[in-house]
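Accompanying notes for the structure given below.
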Amino acid sequence: MAVTSDKPVAVITGGARGIGRAAAVALARRGFDLALADRLLDDLASAVAELGALGAEVLQLPGSVADYEGVQEHGRAVMERFGRVDVLVNNAGMPQPKTLVEITEREYDETIAVNLKGCFAWCKAVAPAMLERKRGRIINISSVSATMGAGPNAVSRFAYVTAKAGILGLTRGLSKELAPHVTVNAICPGAIRTTLTSALFEQRREQLLASIPLGRVGEPEDIAEVIAFLATVTPNFITGEVIDVDGGQYVN
Ligand SMILES: NC(=O)c1ccc[n+]([C@@H]2O[C@H](COP(=O)([O-])OP(=O)(O)OC[C@H]3O[C@@H](n4cnc5c(N)ncnc54)[C@H](O)[C@@H]3O)[C@@H](O)[C@H]2O)c1
């Protein structure tokens with residue numbers, strides 16, 4: 001039985017830590033209830049405690065975004081619990097440091113399945129309900145590497161770049177298909193300090209800082225605030241857009 005509430009609801013994939021967790025906090029502060037999809041059970045539990053203290057109802061969705069049927073099941077669970085989805089943040093992602101020469105077919109397929117097909121799976125799971133309600137916002141987390149590529153010092157290489165570039169195509173394609181009531185935008189983070197990146201950033205600190213005009217690496221909150229903007233700006237005349245949030249590292 002769905003909880004009947006006037007509060008808006010956001011689904012965030014990869015919401016247990018890093019950028020996704022910061023986005024959950026930013027949206028909880030703006031009055032959202034949340035459904036967090038992640039495979040890190042301990043981090044999910046601690047996110048529920050943190051968000052509960054901010055007044056948010058939180059539904060935990062343990063599992064992988066690469067499991068298509070599991071994601072459809074999670075979509076139904078969200079509708080049963082909350083009866084609505086206002087915002088979908090496709091944030092879950094995995095790094096892929098292997099080069100073309102090193103990578104196996106299985107590793108390539110997994111990289112695409114998690115980073116790109118997971119976005120498709122979640123759009124399939126919630127967009128029909130958004131279209132029916134004539135209301136919804138989808139926010140996809142890509143990467144500046146989708147445009148710039150990734151060199152030998154990057155956390156991830158070409159397979160990750162391929163998936164992240166695919167997210168920009170998915171964003172642009174769906175923005176036309178789901179208009180006028182559902183908007184679809186993407187954010188491309190630059191160098192953001194999270195569990196994924198902090199060790200590498202420490203190794204390359206001076207070189208990295210010299211390449212960022214705003215003089216610091218990003219924090220998860222830098223991305224979370226832009227997610228919150230896209231989730232809540234009213235009136236909203238933005239769709240099919242890609243926003244780089246990178247301290248000016250890549251101006252294009
Ligand atoms: N940190 C950066 O510098 C940076 C730069 C560009 C893009 N990004 C993107 O931002 C997003 C968030 O990254 P982050 O830096 O916060 O990383 P993170 O590793 O701290 O968080 C990623 C979250 O996604 C979850 N996740 C990974 N694979 C999953 C799967 N198959 N199913 C469900 N959940 C899964 C993880 O468990 C984790 O909670 C990713 O898509 C990443 O590619 C990050």
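The values are calculated or read from the model by the stated rules, or taken from the named source; none is laboratory data. Please read these numbers as outputs of a predicted model, since none were measured by experiment. With ideal geometry, Cβ positions are generated from the backbone for all residues, glycine too; neighbour counts draw on all protein chains shown.
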message: With the structure loaded, tell me whether A22 is within 13 Å of the ligand (Cβ to nearest atom), among the aliphatic types (A, V, I, L, M), in contact (Cβ under 8 Å) with a residue 60 or more places away in the chain and in a helix (DSSP H, G or I) or whether it fails that test.
response: yes
statement: Residues of region 31-57 being under 23 Å from R84 (Cβ atoms), within 18 Å of the chain's Cα centre (by Cα) and not aliphatic (A, V, I, L, M), in sequence order, are F32, D33, D38
- prompt: For the subset of region 158-177 comprising residues that are aliphatic (A, V, I, L, M) and buried (at least 19 other Cβ atoms within 10 Å of the Cβ), which member is farthest from M94 (Cα to Cα)?
  reply: L174
- prompt: Counting only residues that are in contact with a Lys or Arg (Cβ under 9 Å, 6 or more places away or on another chain) and within 14 Å of the ligand (Cβ to nearest atom), how many does region 52-74 have?
  reply: 7
Subset of region 1-44 [closer than 14 Å to N90 by Cα and of a type in the set (F, W, Y)]: none
task: Kindly establish whether A45 is of a type outside the set (D, E, K, R) and either more than 14 Å from the ligand (Cβ to nearest atom) or assigned to a helix (DSSP H, G or I) (or both).
output: yes
query: Of all residues in region 78-121, which are among the hydrophobic types (A, V, I, L, M, F, W, C), part of a helix (DSSP H, G or I) and within 23 Å of D6 (Cα to Cα)?
result: V78, M79, F82
- request: Kindly list, by first and then second residue, each pair from a residue in region 106-118 that is at pLDDT 95 or above to a residue that is among the basic types (K, R) and within 9 Å of the ligand (Cβ to nearest atom), limited to pairs with Cβ atoms under 7 Å and residues at least 6 apart or on different chains.
  value: N115/K164
field: Test result for V155, surrounded by fewer than 18 Cβ atoms within 10 Å (Cβ to Cβ), within 10 Å of the ligand (Cβ to nearest atom) and within 26 Å of E202 (Cα to Cα)
entry: yes
Sole residue being within 12 Å of the ligand (Cβ to nearest atom) and either in contact (Cβ under 8 Å) with a residue 12 or more places away in the chain or small (G, A, S) (or both), chosen from A186, A228: A186
- request: Please work out which residue is surrounded by the fewest Cβ atoms within 10 Å (Cβ to Cβ), limiting yourself to region 122-152 and to residues that are without any contact (Cβ under 8 Å) to a residue 12 or more places away in the chain and assigned to a loop (DSSP other than H, G, I, E, B).
  value: P152
query: more than 27 Å from A113 (Cα to Cα), touching a strand residue (DSSP E or B) at 6+ places or on another chain (Cβ under 8 Å), of a type in the set (G, A, S) and surrounded by 19 or more Cβ atoms within 10 Å (Cβ to Cβ): does that describe A37?
result: no
Residues within region 84-105 that are away from the ligand (no atom under 16 Å from the Cβ), under 22 Å from the mean Cα position of the chain (by Cα) and of a type outside the set (V, I, T), tallied: 2
